[in-house]
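In what follows, a single structure is set out as structure tokens and then discussed.
The values are calculated or read from the model by the stated rules, or taken from the named source; none is laboratory data. In this text the structure is predicted, and so the values were computed from the model without any measurement. Every residue, glycine among them, receives a Cβ derived from its backbone with ideal geometry; neighbour counts consider all protein chains shown.
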Amino acid sequence: MANLIFEIDPKDITDKITAIKDTTENDVIKSVEHLAAMTHAKAHELARDHLSSLSQTYTDNLEFSNPSENLWIVILKNPAMWIEEGRKSGFMEELLNGKSSKTNKKGEKYAIIPFKHNANPTQQSPKAQALANEIKNEFKKRGIPWRNLEKDARGDPKIGKLHRFNVDSARLSDKHKSPATHGVAVYQTKNDKGQVRKDIMTFRIIHEKHREEGK
């Protein structure tokens, strides 16, 4: 019977195991980094496809970071967490007690809510798009450009409030005294860099007495 002789080189085995370990560790690290990047990209995609007017708020607060070695974090910051968790029923109280609230001479609280109608359609809900289309039709009748800047006789962009008018449309509900398209205002403003922006707005007021009226 032949003798079987095994010659083992412990150092060679250890070196190979170490090499396999290093390769596997690098592969895992790269995979986790790739997974984190894909998660961040997918969150942007879902926000764009499903959140309509809230997509910009969501993506502006979606943060992807690598604070330390082998650690990647995808986080939604507090200003947009209500989109994930839902808004509590006390929305009126939250608004009237927030930073944007004001108090009239009678000591009653109110807040002004702005609505921008020439936002990108992908950032608008179906209802907001419908209102924007009604306003846009009125712009055509009045010969007012929707996207392009309005300029003076010298060819310079006009600055300030350029127009204000009502657009007749159906009221959102019986609880609303006027249509959502009343009080359309057109503004052109210049920033510190000299860039001019056009905003087509309406403003609504929420008042603490609306709580008692069921609005």
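Please enumerate the residues belonging to the range 56-85 that are in a loop (DSSP other than H, G, I, E, B) and either modelled with pLDDT of 80 or more or not assigned by TED's automatic domain parsing to the domain that holds K42 (or both). N61, K77 - these are the residues of the range 56-85 that are in a loop (DSSP other than H, G, I, E, B) and either modelled with pLDDT of 80 or more or not assigned by TED's automatic domain parsing to the domain that holds K42 (or both).
Could we say that V184 is more than 26 Å from the chain's Cα centre (by Cα) and under 25 Å from Q56 (Cβ atoms) here?
So V184 fails the test.
At least 3 residues being closer than 28 Å to Y58 by Cβ and modelled with pLDDT of 80 or more is the threshold, and among the strands (runs of 3 or more DSSP E) wholly inside the range 101-175 those reaching it are 109-116.
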